[in-house]
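*Asks:* Have a look at this one.
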Amino acid sequence: MNNPTPDAIQRLNHLVAIVREHNDRYHRQDDPTISDHEYDSLFQELLELETRFPHLVDPHSPTRRVGARPLAEFANLTHKQPMLSLSNRFSPEDVTTFDRQVREGLEVTEIIDYYAEPKLDGLAINLTYINGILTSAATRGDGQVGEDVTLQIRTIPILPLKLSGKDHPHTVEIRAETFIPLAAFAKMNAQLQKQGEKTLVNPRNAAAGAIRQLDPRITARRPLTLFCYGLGWVEGWSLPTTQEAIIQQLQQWGLPTCPEGGVVPGVDGCLDFFSRLGERRHTLPYEIDGVVYKVNRVDWQKTLGFRHRDPRWATAHKFPAVEVATLVEAIDIQVGRTGALTPVARLQPVHVGGVEVTNATLHNFEEMARKDIRPGDRVLIRRAGDVIPEVVRRLPEAIIENRPPPMVCPSQCPVCGSAVIKPDGETVARCSGGLSCFAQRRETIKHFASRRAMNIDGMGDKICTLLLQSGLVTTVADLYSLQHQREKLMGLERLGEKSVDNLLEAIDNSRKRSLEYFLFALGIRDVGERTAVSLARHFGTMAAIMASSQETLQEVPDVGPVVAHKVCEFFASPQNREMIKHLLAVADTHWATAAQSTAIPHNRPLAGQTWVITGTLTAMTRDQAKSRLESLGAKVTATVSKKTTRLLAGENPGSKWQTAKNLGIMIVNEKEFMESLAHE
């Protein structure tokens, strides 16, 4: 037996206390003060110390428990089968070790098939169905006893209160993860901010807070959904033989499951799945923080059994941390294309999601004041996909002495000195200088040249700044005269002959873009890509759009009074009209009429219909299917709702198929879709 040093004993006891505290804050209070990465590191250190000194293990150590005890405000429900947690793996070597331990436990040398699926970042729930009827729902709690949240769970629209089909166990516990999709979370936070209410930190906390509302009517107002991923206690029914078959059975019962899961061969298959999912992680409509691997054969799961808090036949492979703590060194103010003043935290460099981050947005001055962020603070930051990192919150235990006073919104633009205005009802303060402000002029050109607009490759921040400072460009129209300034361009810093030729070629290629891209490129307030497409297809020409009244504009799908006002306001400006006239004259393009051939008359066969596409298509890509539907007059949206007319379902359609089925929406398979196209 190893003899621990006094320092080791003190460290172990300290870790037990601090992990228990953070465990409670995460599971019971929904208010963690450290990142998942930091918590995982503390927990792993405690586990290693307990492994070295097993005689020192406290029976009530956090490593021997799951989650936290139920909240006193809720009634308790005991799980018929313990609802355990998962061990965590952080590297390929860890996954290799897990695979070796599985094969040793089974005493086999063959390659093991695993069922791999995303690890959703939500709140685990245990659903109990008796004779096919939902009778109760409970949180994980401490793994043995959870909180009774039956009334709250029943408000989730996608969850069937009665299982489909007839082959039901007498009693079955179904394990699920509740969460809020990213788009719904953003929309909800925008609404809360508009109402002057406190916004929510992240989707996981929002989902947990919604489930723990004592009044289920409040829960019902939150855009919750869930995926079912496994079984607990089963009575009066024979289990399927594989984890994959369990998922298929859940689907047959009408329960929503994650469409991303599948069987993979051995450790190499696991790591390949992890790598491929990691590349697509930030394109998924929900947050995940890793991958779960489960031995696919159910009889082998039973053979391997369980440890104190987790099964030996399953583990979680965590992605690198995307929430990391760092120090705010300073706070600067950026001026955007529309004049919006955005406070930005300059950070002590830190790696977040594999990228070194040196600054993070604070969104606006009201948000910065609400979070109370100041230079010298230790903060938690996160990065999702390719968006600018944001400050999640200040870490309260890191408050410094003699903190500087909070930064207030300036009365003058820090770039051009123009007055700063903040219209009633808006949270964003803006510079009133317009295109006379260097920052707004630069951001306008960057937006015009961006990939989703005119797609002028190479027109980044540095090149835009160089062109403006040199005087070669003052408006976007000047971009199309640069072919006559080739020698001067080559004289600029960072621009060699090849760079100049590539830039001029990209500018020339942008002449081929169509009207909808040009409309979006103009940067009209509140006119996004979808609205630009609707305007271009409805009117067909730039002249018709510029001549339209607010009433006429509101006849366009997706255009309401606010957008109509912004469009009229933009084209009423003599400066904007002159810029467009000049641009069309010097660019030698057909932007003004390019969309005329694609304008959709109201008598097209699918006019007035709203379609959603889901699953994998084989005859064409989903983008091609979308374009074809839109050419026939249909509107294509991302989510299924009561307004949806048809759902085009490919292979592995996922939860949208079930939602459409529940709402009674007609579902069209790919074969039927292709046959209908043949008659158009």
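The values are calculated or read from the model by the stated rules, or taken from the named source; none is laboratory data. Keep in mind the model is a prediction, meaning the values are calculated, not measured. All Cβ positions, glycine included, derive from the backbone under ideal geometry; neighbour counts span all protein chains shown.
*Asks:* Which residues, counting only those in the stretch 130-160, are assigned to a loop (DSSP other than H, G, I, E, B) and either over 21 Å from Thr219 (Cβ atoms) or under 24 Å from the mean Cα position of the chain (by Cα) (or both)?
*Replies:* Asn131, Gly132, Asp142, Gly143, Gln144, Thr155, Ile156, Pro157, Ile158, Leu159
*Asks:* Suppose the filter is in a loop (DSSP other than H, G, I, E, B), of a type in the set (A, V, I, L, M, F, W, C) and free of Cβ contacts under 8 Å to residues at least 60 places away in the same chain; does Val527 pass it?
*Replies:* yes
*Asks:* Continuing with this model, one more query. How many of the residues making up the stretch 521-538 are touching a Lys or Arg at 6+ places or on another chain (Cβ under 7 Å) and within 27 Å of Gln483 (Cα to Cα)?
*Replies:* 1
*Asks:* Please enumerate the residues belonging to the stretch 426-447 that are closer than 21 Å to Asp461 by Cα and of a type in the set (S, T, N, Q).
*Replies:* Ser436, Gln440, Thr444
*Asks:* Right, next: Which residues, counting only those in the stretch 655-666, are outside any helix (DSSP H, G or I) and either in the same structural domain as Cys258 (by TED's automatic domain parsing) or crowded, with 20+ Cβ neighbours inside 10 Å (or both)?
*Replies:* Hit for the stretch 655-666 is Ile665, nothing else.
*Asks:* Out of all the residues in the stretch 475-511, which are in contact (Cβ under 8 Å) with a residue 40 or more places away in the chain and either out of contact with any His (no Cβ under 9 Å at 6 or more places or on another chain) or outside any loop (DSSP other than H, G, I, E, B) (or both)?
*Replies:* If the condition is that a residue be in contact (Cβ under 8 Å) with a residue 40 or more places away in the chain and either out of contact with any His (no Cβ under 9 Å at 6 or more places or on another chain) or outside any loop (DSSP other than H, G, I, E, B) (or both), then Val476, Ala477, Tyr480, Ser481, Ser499, Asn502, Leu503, Ala506, Ile507, Asn509, Ser510, Arg511 are the ones that fit.
*Asks:* Could you tell me whether any residue of the stretch 90-113 is touching a Ser or Thr at 6+ places or on another chain (Cβ under 8 Å) and more than 30 Å from Asp299 (Cβ to Cβ)?
*Replies:* No, that holds for no residue.
*Asks:* Specify the residue that is farthest from the chain's Cα centre (by Cα); the eligible residues are those in the stretch 419-457 that are surrounded by fewer than 20 Cβ atoms within 10 Å (Cβ to Cβ) and hydroxyl-bearing (Ser, Thr, Tyr).
*Replies:* Ser436
*Asks:* Determine, yes or no, whether Ser510 is in the same structural domain as Met459 (by TED's automatic domain parsing), surrounded by fewer than 19 Cβ atoms within 10 Å (Cβ to Cβ) and either out of contact with any strand residue (DSSP E or B) (no Cβ under 9 Å at 6 or more places or on another chain) or not charged (D, E, K, R) (or both).
*Replies:* Criteria not met by Ser510.
*Asks:* What single numbered condition from (1) closer than 17 Å to Gln81 by Cβ; (2) acidic (Asp, Glu); (3) assigned to a loop (DSSP other than H, G, I, E, B) fails to hold for Glu173?
*Replies:* Every listed condition holds for Glu173 apart from (3).
*Asks:* How many residues does the stretch 93-129 hold that are in contact with a Pro (Cβ under 9 Å, 6 or more places away or on another chain), assigned to a strand (DSSP E or B) and either within 26 Å of Gly278 (Cα to Cα) or not hydroxyl-bearing (Ser, Thr, Tyr) (or both)?
*Replies:* 2
*Asks:* Any residue at all in the stretch 175-188 that is acidic (Asp, Glu), within 22 Å of the chain's Cα centre (by Cα) and closer than 20 Å to Thr219 by Cβ?
*Replies:* Yes, the conditions are met somewhere in the stretch 175-188.
*Asks:* Is there a residue in the stretch 99-108 that is more than 25 Å from Pro259 (Cα to Cα), acidic (Asp, Glu) and either in the same structural domain as Pro256 (by TED's automatic domain parsing) or at pLDDT 95 or above (or both)?
*Replies:* yes
*Asks:* Right, here's the next one. Can you name every one of the helices (runs of 4 or more DSSP H) wholly within the stretch 199-259 that holds 2 or more residues which are among the polar types (S, T, N, Q)?
*Replies:* Output list reads 243-252.
*Asks:* Do we have any residue at all in the stretch 609-629 that's modelled with pLDDT under 75 and either buried (at least 19 other Cβ atoms within 10 Å of the Cβ) or more than 30 Å from Gly262 (Cβ to Cβ) (or both)?
*Replies:* no
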